[in-house]
Amino acid sequence: MQYFPLASDRFRHDFGVRALPAEQSIIDVTGEHAAELALRASLLDQNRDAHFRAAADSLDAQRDAFDWIDRQTGGVLTKPPSGEPPLLTAGRQVQEDLVLLRDDFSAGYPICAGVVCFPSGWSIEEKLEQNVWQVHDVVPEFAALAADKTVRLLRGLKPLRPVWRLNWGVRSSAELNQTPARLAELACRAEPITARNAGRRCWFRVERQTMTRLAGGAILFTIHTYQVAVESLDAPQRGRLLGTLQTCPEATLRYKGIWPFRCELMEYLRSAAG
């Protein structure tokens, strides 16, 4: 797959933030562009409140975000129709989920707006107005290992100089939209995972995340989700995934949703390597 963040066969709490090269955009267009935009439109049209939320005072930051995303796409975005929030308009036209943070260090950079259609087990409904610590309070070891780094990173961002990182997981469904409200439904519909079918039933999911301080000070956080069936990974990638799962703490496996099928997935990976 295009991005594979596991560099070794040992689990590591890897913050992994680096500057985005000037020649790269925060927006990525893939072969799934048309299908994913159609899915985003459907989700937003059917239940806008589940996937878009914005504080009343976020309009200026939304305009800044729209202008920056438009620049990053070469000026191809359609302008917001009358009365539609700019971030929502942008979120209909890119594959990325979009989240805006207030430039408020003392408050912990709370979320003030977001278009989130393809989350891995969270929702913008529950996260709006939460700060960095509240958003990540369910992440194992975040407070001890990453909270201070995250706040320092956000405070140190230079205007219009984005940084990026990769996050990974394994999900038991190929559905891109995995809000908490849908997880039980997806589990009920799913074929049970076994060592024989785990390669096609388990999906390796990668998030390419970028952060940009906008001209007005707010911070734009983008999330582009890529996924492939585990069986589509090449042999070295499957080997690194197996080693990572074997050395990953239980709390992290539970947080990533892997714990219920970890044994079956690892057995598949061992058999695939043999």
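Bear in mind these aren't lab numbers, they're just calculated from the coordinates by the rules spelled out. Computed from a predicted structure; not experimentally measured. Glycine also receives a Cβ, built like all others from the backbone with ideal geometry; neighbour counts cover every protein chain displayed.
Calculated from DSSP H runs of 4 or more alone, at -39500 (n - 2.57) each and per residue, what is the 222 nm mean residue ellipticity of the chain, nearest 500? Per the formula, -10000 deg cm²/dmol.
Which angle between 0 and 90 degrees, to the nearest 10, do you get for helix 33-46 versus the longest principal axis of the chain when only C-alpha atoms count? Tilt of helix 33-46: around 70 degrees.
Of the GluC sites (Glu not before Pro) found in the range 4-59, the ones in coil according to DSSP and having at most 15 other Cβ atoms within 10 Å of their Cβ are Glu23, Glu32. Considering only Thr210, Thr89, Thr247, the mean-square fluctuation computed in a Gaussian network model of the chain, springs between alpha carbons under 10 angstrom, is largest for Thr247. What's the long-distance tail for the chain, i.e. % of Cα pairs beyond 26 Å? For the chain, the fraction of Cα-Cα distances above 26 Å is 43 percent. The fewest-to-most ranking of Val228, Val115, Val76 by surrounding Cβ atoms within 10 Å reads Val76, Val228, Val115.
The simple Förster model, with R0 at 35 Å and r as the Cβ-Cβ distance, assigns Glu126 and Ser106 a FRET efficiency of 0.95. Placing +1 on the Cβ of every Lys and Arg and -1 on the Cβ of every Asp and Glu, with no other charges, gives the range 18-273 a dipole of roughly 660 debye about its Cα centre. In the elastic network of the chain, a GNM with C-alpha springs shorter than 10 Å, the most mobile of His224, His51, His33 is His33.
Of Asp67, Asp49, the sequence from fewest to most neighbouring Cβ atoms within 10 angstrom is Asp49, Asp67. Based on C-alpha pairs under 8 angstrom that are at least 6 apart in sequence, the chain has a relative contact order of 24 percent.
A Gaussian network model of the chain, with springs between Cα atoms under 10 Å, assigns the largest mean-square fluctuation among Asp70, Asp103, Asp137 to Asp137. Going by neighbour counts of Cβ atoms within 10 Å, the residues Ser172, Ser82 line up, fewest first, as Ser82, Ser172. Between Ala195 and Asp137, the C-beta separation translates, for a Förster distance of 41 Å, into a calculated FRET efficiency of about 0.75.
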